[in-house]
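Coordinate-derived values only; no laboratory data. Being a predicted model, the structure only gives us computed values, none of them experimental. Here the Cβ is made from the backbone with ideal geometry for all residues, glycine too, and neighbour counts use every protein chain on show.
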Amino acid sequence: MDINNLFIDDVYQGIILAVIIENKDENIKSIDHLKVGDVFGENSLLTGEPRNATIIPIVDSIVYEIDKQIIEPYFHRYPVFLEHIESLLTERKLHNMQMMTLFNEEKTNEIKASILIDVKQKIRRFFNLKNDLPA
């Protein structure tokens, strides 16, 4: 398994626990549970950045792995798909920040807009996408 790939859980009873390393002292905190059909590893797949969470299955699970070579052609052919993926990653990052209570709720829209700009830049740079694609 490549550390920069996306994984999709596909088991009806499968609940996967996401654990994130919170600080240099390696204190861990459970931040969320993933359910059937949820994805993980999307940040690494889409931006090339190192993973920032460890996923631990609670029950036996089947996952599907998607790598960069599989998803890249779709970004070039279907700009709407790219926009959907950018929104997905933005929502996940915002959700994770909320779960870890890293920001003031009153600034959610401002933070979301900032995350979206960052996500778009990182994805387009990692996949060498033209800047004239819909932003």
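Couplings 3J(HN,Hα) of region 72-80, computed from phi: 4, x, 5, 5, 6, 7, 10, x, 5 Hz, in residue order, whole Hz [Karplus 6.51 cos²θ - 1.76 cosθ + 1.60, θ = phi - 60°; x for Gly and Pro]. 3J(HN,Hα) along region 48-60, derived from phi through the Karplus expression 6.51 cos²θ - 1.76 cosθ + 1.60 where θ = phi - 60°, amounts to x, 6, x, 4, 10, 8, 10, 9, 10, x, 8, 10, 4 Hz, with x in place of Gly and Pro.
Computed from phi, the 3J(HN,Hα) profile of region 87-95 under the Karplus parametrisation 6.51, -1.76, 1.60 (θ = phi - 60°) reads 5, 4, 5, 4, 4, 5, 4, 4, 4 Hz, with x in place of Gly and Pro.
Between Q98 and I55, the simple spin-label model (points 7 angstrom out along Cα→Cβ) gives 2.1 nm.
Taking packing as the residue-averaged number of other Cβ atoms within 10 angstrom, the listed peptides 33-44, 69-80 run from highest to lowest as 33-44, 69-80. Around the amide H of D32, modelled in the peptide plane, lie the amide H atoms of A18, all under 5 Å away and 5 or more residues distant in sequence or on another chain.
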